[in-house]
Structure formats: structure tokens, C-alpha cells
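*Asks:* Can you keep this structure in mind? I'll have questions shortly.
The values are calculated or read from the model by the stated rules, or taken from the named source; none is laboratory data. Please read these numbers as outputs of a predicted model, since none were measured by experiment. Methodologically, a virtual Cβ is constructed for each residue, glycine included, from the backbone with ideal geometry; neighbour enumeration extends over all protein chains shown. In case anyone asks, the SASA skips ligands and DNA or RNA and just uses the protein heavy atoms, side chains included. Shrake-Rupley method; radii C 1.70, N 1.55, O 1.52, S 1.80 Å.
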Amino acid sequence: MANSRQLAADLGKALQARGESVATAESCTGGMIAAAITDVAGSSGWFSHGIVSYGNQAKQQLLGVQATSLMDHGAVSERVVREMAAGAQGLAGADWAVAVSGIAGPDGGSPEKPVGLVWLAIAHPGGQTEAWSRQFGGNRQSVREQTVAEALTRLIERVLGHAAQV
């Protein structure tokens, strides 16, 4: 997780330079993104909300994920992570939010959604939300750690890119 701590510190620097904030909505990582962020001294200046919504009920109650999205697409889907990210952003009043939902394993996979499949989303300032999936290899811990690194890396890229456009 040392790499994740450095990524979180880099994210904090980028957000502080813009006076912006981020929130997290995590399923398969169980709060590991928020933990990496809160390992950074002073992160309370740019991070106030981390939601662990491991179960579908929590996704609905805490983040406003639609029951129909869960029924029609499943928790590990583009639709659901987009709704998770938008829900976290709104709940926290944050400029940015990142959401993850996946199958870390070792069980729970299927031919359509194998172990290691993770959907990620970033809600940008102004209402745009992007989502993408990754297929990670390794054991449960490795899938989770790779997810954290992917989420933080892409978030840094987006924050820095957004800053360059202003």
C-alpha cells in the first residue's frame, strides 16, 4: 500500500492546488481508497466522505443507486458505479468522487463477470461521470490493491487535466 499512499499524497497536492475536494464510494475495496487518502496528513482539507457500500442495500440507501440498475445490470456494472460516484459526490458536496465495484475473489465470478473484474467511475465537477472496467489478476488482496492504485492514478490524471483546461 506504500504506492497507494504516495498516489493519495499526489492527489491531495493536485486537489489543494485547485481548492477542490474528493469523496469515495467503495464496494470491493472496502474502504482501502479512503484509508490511503486518510493516511495523508492534512487530508481533511480535501476529503470528508468515504462510503463503504459493500451490499446492494447500502448502495441504494447511502448512494441512491436505483434498484432497477442493480437488478438489470448487477452491482459490478457501469451503470451502478456511475450512480455510486454521482451519489457520493452529491452526498459529500465534493468536486470529485471515485467509485469502485468488482469481484475480488476468490469466489463470486462467472463467465460474464470473472474474478478480477472491477468497474470504476469518476464524477467530475459539473456533472460529467466517466466509467471504465479493468480485469486484474492475482489473489483477492492483489485485485483490491490494483483497484486502489488504478482509481487514484486515474483521479490524479483527471484532476490535473481539468486544472490544465481552466
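*Asks:* Can you tell me which residues in region 94-139 are of a type in the set (K, R) and under 30 Å from S44 (Cα atoms)? Spell out how you get there, then give the answer.
*Replies:* Residues of region 94-139 of a type in the set (K, R): 113, 134.
Within region 94-139, R134 is the sole residue that qualifies.
*Asks:* From V98, V65, which residue is touching a residue at least 24 places away in the same chain (Cβ under 8 Å) and either open to solvent by less than 40 Å² (accessible area, probe 1.4 Å) or of a type outside the set (D, E, K, R) (or both)?
*Replies:* So the residue among V98, V65 that is touching a residue at least 24 places away in the same chain (Cβ under 8 Å) and either open to solvent by less than 40 Å² (accessible area, probe 1.4 Å) or of a type outside the set (D, E, K, R) (or both) is V98.
*Asks:* Please go through region 125-153 and pick out each residue that is free of Cβ contacts under 8 Å to residues at least 40 places away in the same chain, surrounded by 13 or more Cβ atoms within 10 Å (Cβ to Cβ), part of a helix (DSSP H, G or I) and of a type outside the set (S, T, Y).
*Replies:* R140, Q146, E150
*Asks:* Same structure again: Return the residues of region 45-62 that are in contact with a helix residue (DSSP H, G or I) (Cβ under 8 Å, 6 or more places away or on another chain), at pLDDT 95 or above and open to solvent by 40 Å² or more (accessible area, probe 1.4 Å); say none if nothing qualifies.
*Replies:* G45, H49, G50, V52, N56, Q60, L62
*Asks:* Looking at (1) surrounded by 13 or more Cβ atoms within 10 Å (Cβ to Cβ); (2) out of contact with any His (no Cβ under 8 Å at 6 or more places or on another chain), find the lone condition where D107 falls short.
*Replies:* Failed condition: (1).
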